[in-house]
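Below is one structure, written out as structure tokens, with a few remarks after it.
The values are calculated or read from the model by the stated rules, or taken from the named source; none is laboratory data. The model shown is predicted, which means the values in this text are computed figures rather than measured ones. Here Cβ is always computed from backbone atoms with ideal geometry, including for glycine, and neighbour counts include all displayed protein chains.
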Amino acid sequence: MKTLLETAGLRKIYAAGKIQIEALRGVDLRIREGELVAIMGPSGCGKSTLMHVLGAMTKPTAGKVVIDGQEVSGMGDNELTRIRRDKIGFVFQKFNLLPTLTARANIDIARYIHGNGVRSNGHDEHLSEILQLLMIENMMGRKPSELSGGEQQRVAIARAVANQPAILLADEPTGSLDSKNSEIVLNMFRELNHKFKQTVILVTHNPELAAFTDRLIEMRDGVIVGDNDSFSWDTVGEIRGQTDEFPFFEVQK
Amino acid sequence: MIIAGLKARPVRTTVSILAVALEVILILVVVGLTSGISDETGRRTEGVGADILLQPPNSSLFLALSNTTMPIVLRERLRELPGIKAIAPVQTLVNSSAGLEIIYGIEPDTFNAVSNGFIWHKGRLFNAPDEVVVDDIYAKAKGVTVRDTVELVNHKFKVSGVVEHGKGARLFISLKTAQEMTGQTGKASLFFIKLTDPDRVQTAIAEIKGLLEGYGVIPLREYARLMMSNSMPALDAFISSVVFIALCIGVLVIFLSMYTTITERTREIGILRSLGASRKFIVTLIFQESAAICLAGALIGIGSSFLIARSIMAVFPTLTILITPDWITRAVIFAVLSGIIGSLYPSLKAAKQDPVEALAYE
């Protein structure tokens, strides 16, 4: 399978006044096309920072990031913007829909930015399928304030995948949802992954999400401490014995 | 998205639009009033029918603002020049109790010789020092007619006659009365000079200048053209000041509106950036919103200016407000300019926002 995302020695240091916070301390990671991955760890472990770097939202302080064959760590703002536009779809915990626009307009603005144009026939069919899959075809005329949390998140997912991104990054996608809606949303991620071979990376601190993914990457203190991927044997030795608090995740050797 | 963004904050959008409209109104009405009065004065002065206007040294082209005088005996020297048909000395006064009205103190004989006489609507010429002749527009505006009393420069005058407008001023009293009221006995503010051959204007002017060094001598037609011009040097400073103040209002309002908009919408900008919107896209978005406000403001401003102008002219028929296509275009350009300047910093600030920080903004 084609490698879609790859990092090597990834470091990210934030400056908070005179204090420097090292959010990522050497992350090596490889994600292949069509994978459904969960990146998990406690708050402050660096998983959201990792998501921002993987999504070309911010540049690493050091290390290499390759997104769909393009090394992005040295890219400027314009090139990073192009990568986000062409390769990445984001889903956020707080949905982040534009409040003044209808659900349809929220999706259309993403397509407009991508450059497909609202009236593009080629992608309308794809979008219709997505809307059908997410069961939101009848909600397109509503504004976010007229939708439930689960519905808003489904619209956000539709917006994220409308342009058929190479990678769908979801940051705590069920963090603002009740258990029923969480399950619906997670099932939809799995459907998107199965039906459209969409590469999905879920970032969460919720262990229950693991059950929905094929692969689980555990982070702690800015480094990967667990990965049940067969390609990541080199990290497993270091993390052995640190996974007890994640009983659902058994490191394979 | 632009319309949705503007509709989401209706009060701020409305206030911004009205402020831009105010900017446009300020430009169009004040400039229109200035050029209207100037234009109308020019036409009226040209209507006197003289060929040359002679003024004392250091006089203003605005006759109402000029308080310099020259001895009337000078005309005896002027009469010695060839081709002089008639000379009408005029002492000007300004009645500012209700607007700014210029009063001509005239000698009926010489003024008639230059202007071919008044066209009478009612009554007769003044016979007494406390009599005044008014033009039909003044009579209509003030609702006065023959035998009514009007107060001019703290003096009561009885209207002796009503004449057709277009002979320099709207109010005419005797030269002697005007001299006494201004304390300028034997003097005049200006001479209207009629030539036997109007084609000799430039020659005559050269001869007058040779005779009276330092005096203001100008062909009346040129004076009128200057007064009717959009770029009158004497008015430029005033109009520039008005335009500058109007522009400042527009820039500040747009700046405030757009700055608060981008602060409030930091998270939205972060969302757009996460979707792959470039910095240029964000700048364009802010500019487009600003342009929509300015365009709406300009349209309302233009419409309102015409309404205000019509209302002012209905209440004060002696005033003329000249809203020209030239100034409408300029007002729209100034409105758009204020939008560009006002939204420049906010849009650049918005574009420079870090997407991660913008998304974390609460």
- Within the range A:108-115, is there a residue that is at pLDDT 85 or above, more than 18 Å from A:Ile157 (Cβ to Cβ) and within 11 Å of chain B (Cβ to nearest Cβ)? yes
- If you take just the helices (runs of 4 or more DSSP H) that sit entirely in the range B:1-109, which of them hold at least 1 residues that are more than 30 Å from A:Lys143 (Cβ to Cβ) and within 14 Å of chain A (Cβ to nearest Cβ)? none
- Query: Of the residues that sit in the range B:313-326 and are at pLDDT below 90 and not in a loop (DSSP other than H, G, I, E, B), which one is surrounded by the most Cβ atoms within 10 Å (Cβ to Cβ)?
  - Reply: B:Met313
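Take B:Val336 and tell me if it is under 28 Å from the mean Cα position of the chain (by Cα) and either surrounded by 17 or more Cβ atoms within 10 Å (Cβ to Cβ) or in a helix (DSSP H, G or I) (or both).
Here the answer is yes, as B:Val336 does meet what is asked.
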- Do we find that B:Ile300 is away from chain A (no Cβ under 14 Å) and at pLDDT below 90 in this structure? no
- Message: Every residue in the range B:131-149 that is more than 23 Å from the chain's Cα centre (by Cα) and among the acidic types (Asp, Glu), please.
- Response: B:Glu131, B:Asp148
- Of all residues making up the range A:153-191, the number that are of a type in the set (Val, Ile, Thr), more than 14 Å from the chain's Cα centre (by Cα) and more than 14 Å from chain B (Cβ to nearest Cβ): 1
- Message: For the range B:149-160, check the following and say yes or no: at least one residue is small (Gly, Ala, Ser) and either touching a helix residue (DSSP H, G or I) at 6+ places or on another chain (Cβ under 9 Å) or not in a helix (DSSP H, G or I) (or both).
- Response: yes
- Item | Scope the range A:75-104; condition within 7 Å of another protein chain (Cβ to nearest Cβ), of a type in the set (A, V, I, L, M) and surrounded by fewer than 21 Cβ atoms within 10 Å (Cβ to Cβ); matching residues | A:Leu101
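Here's the yes/no breakdown for (1) closer than 30 Å to B:Ile262 by Cβ; (2) free of Cβ contacts under 8 Å to residues at least 60 places away in the same chain; (3) surrounded by fewer than 20 Cβ atoms within 10 Å (Cβ to Cβ); (4) under 22 Å from the mean Cα position of the chain (by Cα):
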| residue | (1), (2), (3), (4) |
| --- | --- |
| B:Lys7 | yes, yes, yes, no |
| B:Pro10 | yes, yes, yes, no |
| B:Val24 | yes, no, no, yes |
| B:Val31 | no, no, no, yes |
| B:Thr34 | no, no, yes, yes |
| B:Thr45 | no, no, no, yes |
| B:Val48 | no, no, no, yes |
